[in-house]
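Undergrad: Provided herewith is a single structure, encoded as structure tokens, for subsequent inquiry.
What follows draws every value from the coordinates through simple rules; no lab data is involved. From a predicted model like this one, the values you see are computed outputs, not experimental measurements. Neighbour counts run over all protein chains shown; Cβ positions are idealised from the backbone, glycine included.
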Amino acid sequence: MAFLAFKPISTTASTSLSILILLLVFSLSPLTRSSPEGEPTPTPWPHQFHAILFMNYSGILQKIDLWYDWPNGRNFNIIQHQLGKLLYDLEWNNGTSFFYTLDSNKECSSAQVEVGILRPNWLDGATYLGQKHVDGFLCNVWQKVDFIWYYEDVVTKRPVHWVFYTGREAHVMTFEVGAALEDAKWQAPAYCFDKQNTNAAGSAIADIGVLRGSVAQSM
Ligand SMILES: *[C@@H]1O[C@H](CO)[C@@H](O)[C@H](O)[C@H]1NC(C)=O
Ligand SMILES: *[C@@H]1O[C@H](CO)[C@@H](O)[C@H](O)[C@H]1NC(C)=O
């Protein structure tokens, strides 16, 4: 069992992140734990992909554009609340995350954690739970550290669905392997670097930090 030191910069975003990280670093299973004979193992994430996710958290709906970019050490969640706010959650492998809007409110907050983004093999060591139909697809199901339940299409090996311990559900609508967002889009706005800025976009997105690289620390 290990606890990560956590240096909060903003209170709200970092609190939710720190809880998630603590949950994830509990189990320190070996990197190459072999699964019991014949059990399927999760397909590693492609090093770059774009996915559109529909999220449902107790009836609150969001659409997320997820841009995973392992070679460049960055991960982006662009979160559209239904008929509401558009929020940007930009995570760097050096542990810095920025949460911001790009509207006239100029909200931004940041958080600092001591782990990077999710590794492509972050699902290694997950517990296999068998097969289940979800969203109309027959899936293999794994559980990782009591934190996430992950559903992968048996045939195509693409992720279909995942559920966080909070009950927050992701439904994978598109999954474009190799898709990469242009560099210019990965720039947090200037007001994120303004020490006077007290707006906190992060407070609204709570457990979005779930795709944080903290899982890697548990392997
Ligand atoms: C969202 O989840 C709730 C249960 O938490 C469910 O009742 C509702 O039908 C779901 N909404 C959609 C659009 O899937
Ligand atoms: C991490 O990288 C980002 C993007 O280059 C940068 O804005 C941020 O300041 C860095 N954080 C630290 C702690 O160096």
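Undergrad: Out of the range 34-110, which trypsin sites (Lys or Arg not before Pro) are coil in DSSP terms and have no more than 12 other C-beta atoms within 10 Å?
TA: On the way: sites: Lys63, Arg74, Lys85, Lys106; in loops: Lys85, Lys106.
Hits after loop and neighbour filter: nothing returned.
Undergrad: Give Lys144/Lys185; Lys157/Lys185; Lys85/Lys157; Lys85/Lys185; Lys106/Lys144 a once-over and call out the pairs whose C-alpha atoms are over 25 Å from each other.
TA: Numbers: Lys144/Lys185 31 Å; Lys157/Lys185 29 Å; Lys85/Lys157 33 Å; Lys85/Lys185 18 Å; Lys106/Lys144 36 Å.
The pairs that break the limit, which is 25 Å between Cα atoms, are Lys144/Lys185; Lys157/Lys185; Lys85/Lys157; Lys106/Lys144.
Undergrad: Using a 10 Å cut-off around each Cβ, can you sort Ile60, Ile79 from fewest to most neighbouring Cβ atoms?
TA: Details: Ile60 11, Ile79 22.
Going from sparsest to densest Cβ surroundings: Ile60, Ile79.
Undergrad: Can you give the local net charge around Val134? Use residues other than it whose beta-carbon is closer than 11 angstrom to its beta-carbon, Lys and Arg +1, Asp and Glu -1. Can you show the working numbers first?
TA: Details: positive: Lys132; negative: Asp135, Glu152, Asp153, Glu169.
Cβ neighbours under 11 Å give a net charge of -3.
Undergrad: Based on the Cβ-Cβ distance of Thr127 and Gln187, what FRET efficiency does E = 1/(1 + (r/R0)^6) give at R0 = 35 Å, to the nearest 0.05? Write down the numbers at each step before the final one.
TA: On the way: r = 39 Å, r/R0 = 1.12.
So, using R0 = 35 Å, E works out to roughly 0.35.
Undergrad: May I ask you to sort Glu37, Glu91 by Cβ crowding, counting other Cβ atoms within 10 Å and putting the fewest first?
TA: By the 10 Å Cβ count, ascending, the order reads Glu37, Glu91.
Undergrad: Arranged by the count of other C-beta atoms within 10 angstrom, fewest first, what order do Trp186, Trp92, Trp142 take? Please list the in-between numbers first.
TA: Values: Trp186 14, Trp92 18, Trp142 23.
Fewest-to-most Cβ neighbours within 10 Å comes out as Trp186, Trp92, Trp142.
Undergrad: Let me ask you something else. If a/c stays under 1.5 just call it rounded; otherwise compare a/b with b/c (prolate if a/b is bigger, oblate if not). Do that for the range 31-182, with a ≥ b ≥ c from the square roots of the Cα gyration tensor eigenvalues.
TA: Numbers: a/c = 1.93, a/b = 1.47, b/c = 1.31.
In terms of gyration-tensor shape, prolate.
Undergrad: Follow-up. Give me the net charge for the shell around Glu107: Cβ to Cβ below 13 angstrom, other residues only, Lys and Arg +1, Asp and Glu -1. Could the numbers behind the result be given before it?
TA: Numbers: positive: Lys85, Lys106; negative: Asp89, Asp103, Asp194.
Summing Lys/Arg as +1 and Asp/Glu as -1 gives -1.
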